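S.K.: Take this structure first; my questions come after.
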Amino acid sequence: MKSTLRAGISHRMTYTVPPDKTVPHLYPESESFRSMPEVLATGFMVGLMEWACIEAIKPHIDWPREQSLGTVVEFPHLAATPPGLTITVDVRLDAVVGRRLYFSVRAHDGIDTITEGRHERVVIVRARFDSKVEAKSAQTRGGL
């Protein structure tokens, strides 16, 4: 992590919702999801908040050797957003505690606030993380 990674970093991004980010596309193999309304899926909204946080800190870590993974999401999905609307996401890094990063997040679709809350991420060293995941996978393969 670079010395510039500190509280106060903010980032704004916009994203126009395409049809394939709606509820019926979240788990296409699920008939239940496929029959639901075509509005931004909560799962994709969570990913959008994570994406904005990643972009906020990317210049302040040794990317791609260092990356960050989401560990806590605390933001409700407040309003439905149909395809074609553009979401504006604002994130702010509120605190850095060791490798843990604490963000405030907010998103608006031009008509309604669709979410507001907090998100936590942890900075990882990608090679070390991959090694641990591979060891876990190998353990699973060996036990089956």
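Throughout, read-outs are computed from the coordinates displayed, never taken from laboratory work. Only a predicted model underlies this, so the values are computations on that prediction, with no experimental measurement involved. Methodologically, a virtual Cβ is constructed for each residue, glycine included, from the backbone with ideal geometry; neighbour enumeration extends over all protein chains shown.
S.K.: Please find, among 92, 121, 126, the residue that is in contact with a Leu (Cβ under 6 Å, 6 or more places away or on another chain), of a type outside the set (Phe, Trp, Tyr) and at negative phi.
M.R.: 121
S.K.: Name the one entry in 85, 69, 48, 93 that is loosely packed, with under 14 Cβ neighbours inside 10 Å, touching a strand residue (DSSP E or B) at 6+ places or on another chain (Cβ under 9 Å) and in contact (Cβ under 8 Å) with a residue 40 or more places away in the chain.
M.R.: Among 85, 69, 48, 93, only 69 is loosely packed, with under 14 Cβ neighbours inside 10 Å, touching a strand residue (DSSP E or B) at 6+ places or on another chain (Cβ under 9 Å) and in contact (Cβ under 8 Å) with a residue 40 or more places away in the chain.
S.K.: Working carefully through the options 95, 79, 135, find the one that is among the aliphatic types (A, V, I, L, M) and closer than 20 Å to residue 11 by Cβ.
M.R.: From the options 95, 79, 135, the qualifying one is 95.
Here's the yes/no breakdown for (1) in contact with a helix residue (DSSP H, G or I) (Cβ under 7 Å, 6 or more places away or on another chain); (2) closer than 30 Å to residue 40 by Cβ; (3) hydrophobic (A, V, I, L, M, F, W, C); (4) in contact (Cβ under 8 Å) with a residue 12 or more places away in the chain:
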residue	(1), (2), (3), (4)
106	no, yes, no, yes
111	no, yes, yes, yes
118	no, yes, no, yes
124	no, yes, yes, yes
128	no, no, no, no
131	no, no, no, no
134	no, no, no, no
137	no, no, no, no
142	no, no, no, no
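S.K.: Let me ask you something else. Could you tell me whether any residue of the range 51-60 is in contact with a Leu (Cβ under 6 Å, 6 or more places away or on another chain), crowded, with 16+ Cβ neighbours inside 10 Å, farther than 28 Å from residue 22 by Cα and not acidic (Asp, Glu)?
M.R.: Yes, some residue in the range 51-60 is in contact with a Leu (Cβ under 6 Å, 6 or more places away or on another chain), crowded, with 16+ Cβ neighbours inside 10 Å, farther than 28 Å from residue 22 by Cα and not acidic (Asp, Glu).
S.K.: So, in the range 8-45, of the ones that are more than 19 Å from residue 74 (Cα to Cα) and hydrophobic (A, V, I, L, M, F, W, C), which residue ends up surrounded by the fewest Cβ atoms within 10 Å (Cβ to Cβ)?
M.R.: 36
Matching residues to (1) closer than 23 Å to residue 14 by Cα; (2) touching a His at 6+ places or on another chain (Cβ under 6 Å); (3) β-branched (Val, Ile, Thr):
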residue: 51; (1), (2), (3): yes, no, no
residue: 84; (1), (2), (3): yes, no, no
residue: 87; (1), (2), (3): yes, no, yes
residue: 125; (1), (2), (3): no, no, yes
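S.K.: Can you tell me which condition residue 51 does not meet? The list is (1) aromatic (Phe, Trp, Tyr); (2) within 15 Å of the chain's Cα centre (by Cα); (3) farther than 30 Å from residue 99 by Cα, and all the others hold.
M.R.: Only one criterion is unmet by residue 51, namely (3).
S.K.: Of all residues in the range 1-55, which are part of a strand (DSSP E or B) and farther than 19 Å from residue 111 by Cβ?
M.R.: Hits for the range 1-55 are 10, 11.
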